[in-house]
Amino acid sequence: MSASAYSEDLAAIHAAGFTYIARDAARELIGRLPERARVLDLGCGDGTATELLADAGHEVSGIDLSPAMIDLARERVPTARFDVASATAGAFPESLDAILASGEVLGYAFDPELGSPAGLAPVIDRAASALRPGGLLLFDLPGPDRAGPGSVRTWTEDEGWAVLVEVTAQAGLLTRRIVTFRRGPDGRGYRRGEETHRLLLHRPSEVLRLLRKSGFSARTLAGGYSGRPLPRGLTVYLARRR
């Protein structure tokens, strides 16, 4: 993810209306953790999952490549440590009990390392090295059927903001064109912003193969996070370091 991804307005809109996957993922992980676990929230966004994990008594840190997201996370959970960093280059804490990476964060092609089909393997290896034996890696990734044929547009709005998302998929790559409108600080007008996000579409069988090759026992969670149905084509993976 580049520094231009999840700019201030899109980060604020995401935090206002699109955090349910992070909440469900945190609750799923909390039910599987020992007391006072050490957890890394990888691609922590605005800190929604971090806050729930910390409130449950766990020691949590977060990293994200968006400075705007990290600003929101620090405001939300002032007791946690947050760093602007990449999943492929940022330093992971050692001796972790769990790593959470919810919201397709390991699928984004912003990062040059994650932007190729081979880019997922080094991140999985880094996670295995950071986890204690028996530690958990919980994450989700988009698969080949994440988007239907053709182009799909959605419009979402709430007080003070609106967002248009156009989704297309081709040759294993999902592209989201995101146009935002957010009320300015003076309350009079709306600022327009636009970003394009690209995600690699990973086959579940290949992801499970990579996890097992890196020393994990791994499976998919058919019920999604906390029993809530997932969006089309999104798969949740639960891996335990052997």
- How much of the accessible area of the stretch 1-108, in percent, comes from carbon and sulfur atoms when a 1.4 Å probe is used? 48
- Query: In the stretch 189-242, carbon and sulfur make up what percent of the accessible area (probe 1.4 Å)?
  - Reply: 47
- Item | Whole-percent pair-distance distribution, where bins are 5 Å wide, for the alpha carbons of the stretch 1-116 | 2, 13, 24, 26, 20, 10, 4, 0
- Message: Just want to confirm a number: the relative contact order over the stretch 151-206, from Cα pairs under 8 angstrom separated by 6+ residues, in percent.
- Response: 27
- P(r), alpha carbons of the stretch 109-242 - 5 Å bins starting at zero, rounded %: 2, 9, 15, 16, 16, 15, 10, 9, 5, 2, 1, 0
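Using a probe radius of 1.4 Å on heavy atoms only, what accessible surface per residue do you get for the stretch 59-138? Whole Å² is fine. Spell out each step's value before the answer.
On the way: 3200 Å² over 80 residues.
Computed with neighbouring chains in place, this is 40 Å² per residue.
Find the accessible area per residue for the stretch 143-232; the probe is 1.4 Å, ligands and nucleic acids are left out, and the unit is Å². Display every interim value, and only then the final one.
Working: 5430 Å² over 90 residues.
Here the residues of the stretch 143-232 average 60 Å² of exposed surface.
Can you give the calculated 222 nm mean residue ellipticity of the chain, where each DSSP H run of n ≥ 4 adds -39,500 (n - 2.57) and the sum is split over every residue, rounded to the nearest 500 deg cm²/dmol?
Values: 6 runs with 60 residues, N = 242.
Using -39500 (n - 2.57) per qualifying helix, the result is -7500 deg cm²/dmol.
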- Message: Sort 135-145, 79-89, 98-108 by the packing proxy (mean of other Cβ within 10 Å over each peptide's residues), most packed first.
- Response: 98-108, 135-145, 79-89
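The values are calculated or read from the model by the stated rules, or taken from the named source; none is laboratory data. Remember, it's a predicted structure, so these values are computed and weren't measured experimentally. Reconstructed Cβ throughout: ideal geometry from the backbone, glycine too, with neighbour counts over all protein chains shown. With ligands, DNA and RNA removed, areas are computed over all heavy atoms of the protein, side chains included. Shrake-Rupley method; radii C 1.70, N 1.55, O 1.52, S 1.80 Å.
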